[in-house]
Amino acid sequence: MKRLTKLFSKQKKVQIDFCEKNLDRFLNEENSPDYERFLNQNHIQYKEYSCQSKCEQCKKSPYAIVDGEFIAAENSDELLGRLKHIASNNNKE
């Protein structure tokens, strides 16, 4: 029974993809540690790509692709808040 409990109690991994150019444009030194703490959690997997061919959106606002879904925000703090919200909701399911 313990084995089944362990299998079903694992947190679902959340895949987050970033564009390096977008991060360079919108991520600042003040919120960088907050992103680092969030991204280093066990249930978060992330990858940075040199370009994701979303140039129009990339110029306008910070964004990430979470489990295949495009997520944008007004600023990098708001994006982090959205990412945290999505990650916590994924693990409630």
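The values are calculated or read from the model by the stated rules, or taken from the named source; none is laboratory data. Computed from a prediction, not measured in an experiment: that's the story for all the values here. Every residue, glycine as well, gets a Cβ built from its backbone with ideal geometry; the counts of neighbours run over all protein chains shown.
Which members of the stretch 54-67 meet the condition of being touching a residue at least 40 places away in the same chain (Cβ under 8 Å) and surrounded by fewer than 16 Cβ atoms within 10 Å (Cβ to Cβ)? Outline the logic, then answer.
Narrowing the stretch 54-67 to residues touching a residue at least 40 places away in the same chain (Cβ under 8 Å): 62-67.
D67, the sole residue that qualifies.
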Selection over the stretch 16-44 where residues are outside any loop (DSSP other than H, G, I, E, B), exposed (fewer than 13 other Cβ atoms within 10 Å of the Cβ) and not charged (D, E, K, R) yields a count of 2
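Let me confirm something: among E74, E48, which residue is under 12 Å from D17 (Cβ atoms) and free of Cβ contacts under 8 Å to residues at least 60 places away in the same chain? Give the derivation first.
Numbers: E74 fails: under 12 Å from D17 (Cβ atoms).
None of the other options fit; the residue is E48.
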Given the conditions (1) assigned to a helix (DSSP H, G or I); (2) at pLDDT 95 or above, every one holds for E74 apart from (1)
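Among the residues in the stretch 3-13, are any touching a helix residue (DSSP H, G or I) at 6+ places or on another chain (Cβ under 6 Å), modelled with pLDDT under 95 and of a type outside the set (D, E)? Outline the logic, then answer.
Start the filter on the stretch 3-13 by keeping residues that are touching a helix residue (DSSP H, G or I) at 6+ places or on another chain (Cβ under 6 Å), which leaves 12.
Right, trim to modelled with pLDDT under 95 and you get 12.
Retained after the next criterion (residues that are of a type outside the set (D, E)): 12.
Yes, some residue in the stretch 3-13 is touching a helix residue (DSSP H, G or I) at 6+ places or on another chain (Cβ under 6 Å), modelled with pLDDT under 95 and of a type outside the set (D, E).
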